[in-house]
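Report on the structure given below.
The values are calculated or read from the model by the stated rules, or taken from the named source; none is laboratory data. Keep in mind the model is a prediction, meaning the values are calculated, not measured. Heads up, the Cβs are rebuilt from the backbone with ideal geometry, glycines too, and the neighbour counts pull from every protein chain shown.
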Amino acid sequence: MFSLKLDEFVDTRSFDKLAELYEVINEERLSAKDTGINYRVINHWDEKGIIRFGRENKEHNRKFSFTDFIWIKIVDELRSFGVSIEAIKKIADDIFENVPMKELYDNMAKNISSLDNYEGEDKAEFIEFLKSGGYNNEDFNLEGFNFHFLHILIAEAIATRESVSIILFKDGEWIPFLKSNEHLYPKELLHKIEFSSQIRINITNIVYTYILEDYLVEYFSGLFLYTKQEANLLYYVMEGDFQKIHVFFKSKKTEPIEIAKSKSTLQEVMQIFLEREYKDFILIDKKGKEIRIRQDEPTTIMVENNRPGAKRKYKFIKVKDQE
């Protein structure tokens, strides 16, 4: 990397999200077929040292996690641009390096104000833990602390919904680029990003695009990338079961738009979801029926009625979709 310490750029939201999702994104549920890449190609990449996740038993079919899946897609895109195996191996050497947890905690302890965005329920306890220096007694070599930088980038994409990319420059140097923390990058690096030739692979786009595929449906509920209503709308779009979509925004200064049915409709809708500036979506299906979703509209669910003396076994309550 370009003399860049990624741990200094880690937002507490992404760190909190990583702790929440670590088991989910590392659970091996996917087959080689699910990746969309030929198994022989993956084995070739493995032999060349750019695949850093092995298998315990080589007699069994290989399984992949969501993290593995994202890396395979990143490699596939880099190869589609003609990037050499040697160049990708250099990126792999950096991106699969374990996060220096001690240094990460040191950085957070020096910048307690950065924890304003921390969303954990134990926020006060965590801040006191940092202030007291209690983390100095932790054993960060335990398995639960084995976060690498790719984990951080995926968590950042999920936590912020903002652009998280890998930028590879013509001279062979590469950097992770976190749009939400652009202000932290040194001026000379921002100048290089602005004026140098480069290849950019967007991790956020990969995460939010492929999560809608059928083979990733088991990950969907655990990652909370879209609300249930957003997911339903996206499935309508993927099935082509609509005529047009009307979008209304929170700001009165932003005019409503109409999205016609086309090959780019899914990307347009996903982009609006990522920006989170919409107020309402109205989808007109093939029969002319309106299907409306609101960003802040609660979902009605049926739960067991535990109220003493209740005549009905179940009741309906409204809950907001978890983001």
Exercise. Determine which single condition TYR226 fails, assuming it passes every other condition in (1) within 13 Å of the chain's Cα centre (by Cα); (2) in a strand (DSSP E or B); (3) farther than 26 Å from GLU103 by Cα.
Key: (2)
Quiz item: Scanning for something of a type in the set (S, T, N, Q), closer than 30 Å to GLU23 by Cβ and free of Cβ contacts under 8 Å to residues at least 60 places away in the same chain, does segment 212-227 turn up at least one residue?
Solution: yes
Quiz item: Looking at this structure, is LEU104 within 18 Å of TRP174 (Cα to Cα) and buried (at least 17 other Cβ atoms within 10 Å of the Cβ)?
Solution: no
Quiz item: Exactly one of (1) outside any strand (DSSP E or B); (2) touching a Ser or Thr at 6+ places or on another chain (Cβ under 8 Å); (3) surrounded by fewer than 18 Cβ atoms within 10 Å (Cβ to Cβ) is unmet by ARG200. Its number?
Solution: (1)
Practice problem: Of the numbered conditions (1) among the β-branched types (Val, Ile, Thr); (2) farther than 25 Å from GLU27 by Cβ; (3) modelled with pLDDT under 85, THR209 fails exactly one; give the number of that condition. | Solution: (2)
